[in-house]
Amino acid sequence: MNLVRFFLDFLPSKIAYAHCDIPCGVYDPHNAQMAAHTVIRMTQLLSEAKGSGTKFAHDVSRLTHVKEEHSDLLEEELETLANDYFKEEHRKQYPKLDQLFDTTLKASTKARVGIDMASAEEALAGTQEIAEIFFKTKGVTPVRVKSVYPTEREIVTHK
């Protein structure tokens, strides 16, 4: 046994990360929606940014960093739902689900790398549609409500 352990110590290894090490059953599209709203808001602020000099460069840098962080969070949350929550029976019931994830993730990526409101909007719209499907699979009625965020867009919740 010690000889095997000795040789295993020389093999390369990677740390694996997951939403949960145990199938916890705690999934929700809320964080994905908040991330999508934040990407929209940062895109709005970047589009409105004016000026020059060090403060302007600093402000643009901070806005860009937050937009990129939330694009990453959006993608991580969507991938968790796609890979851990939605099962084959969901994909049969909602045949466009995989395509919806694909287009939403691509829109998020495009929104991350530029100041592209259309892509940010597409990422939010896809996230909202995924949220509606999520709530339907939970047996509750999804509803869209006006958010209280400066984006002035909707969020999907349930009755």
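The values are calculated or read from the model by the stated rules, or taken from the named source; none is laboratory data. Everything numeric here is computed off the predicted structure, so don't read it as measured data. Backbone-built Cβ (ideal geometry, glycine too); neighbour counts: all protein chains shown.
Things worth noting here:
- Pairs with Cβ under 8 Å, 6+ apart, first in segment 28-48 and closer than 16 Å to Glu68 by Cβ, second assigned to a helix (DSSP H, G or I) and basic (Lys, Arg): Thr38/Lys67; Val39/Lys67; Val39/Arg112; Met42/Lys67; Thr43/Lys67; Leu46/Lys67
- You will find that of Lys96, Lys106, the residue that is of a type outside the set (A, V, I, L, M, F, W, C) and more than 15 Å from the chain's Cα centre (by Cα) is Lys96 and no other.
- Qualifying residue in segment 85-105 (condition: surrounded by 18 or more Cβ atoms within 10 Å (Cβ to Cβ) and touching a His at 6+ places or on another chain (Cβ under 7 Å)): yes
- Inspection of segment 131-154 finds no residue satisfying the criterion of being among the polar types (S, T, N, Q), in a helix (DSSP H, G or I) and more than 18 Å from Val26 (Cα to Cα).
- Of the numbered criteria (1) exposed (fewer than 15 other Cβ atoms within 10 Å of the Cβ); (2) modelled with pLDDT of 95 or more; (3) within 16 Å of Phe134 (Cα to Cα), the one Val26 fails is (2).
- Matching residues, segment 55-83, being under 29 Å from Phe134 (Cα atoms), touching a helix residue (DSSP H, G or I) at 6+ places or on another chain (Cβ under 8 Å) and free of Cβ contacts under 8 Å to residues at least 24 places away in the same chain: Ala82
- Number of residues in segment 111-126 that are touching a residue at least 24 places away in the same chain (Cβ under 8 Å) and either part of a helix (DSSP H, G or I) or within 12 Å of the chain's Cα centre (by Cα) (or both) equals 8.
- Condition check for Ser108: in contact (Cβ under 8 Å) with a residue 60 or more places away in the chain and either assigned to a helix (DSSP H, G or I) or of a type in the set (S, T, N, Q) (or both): yes
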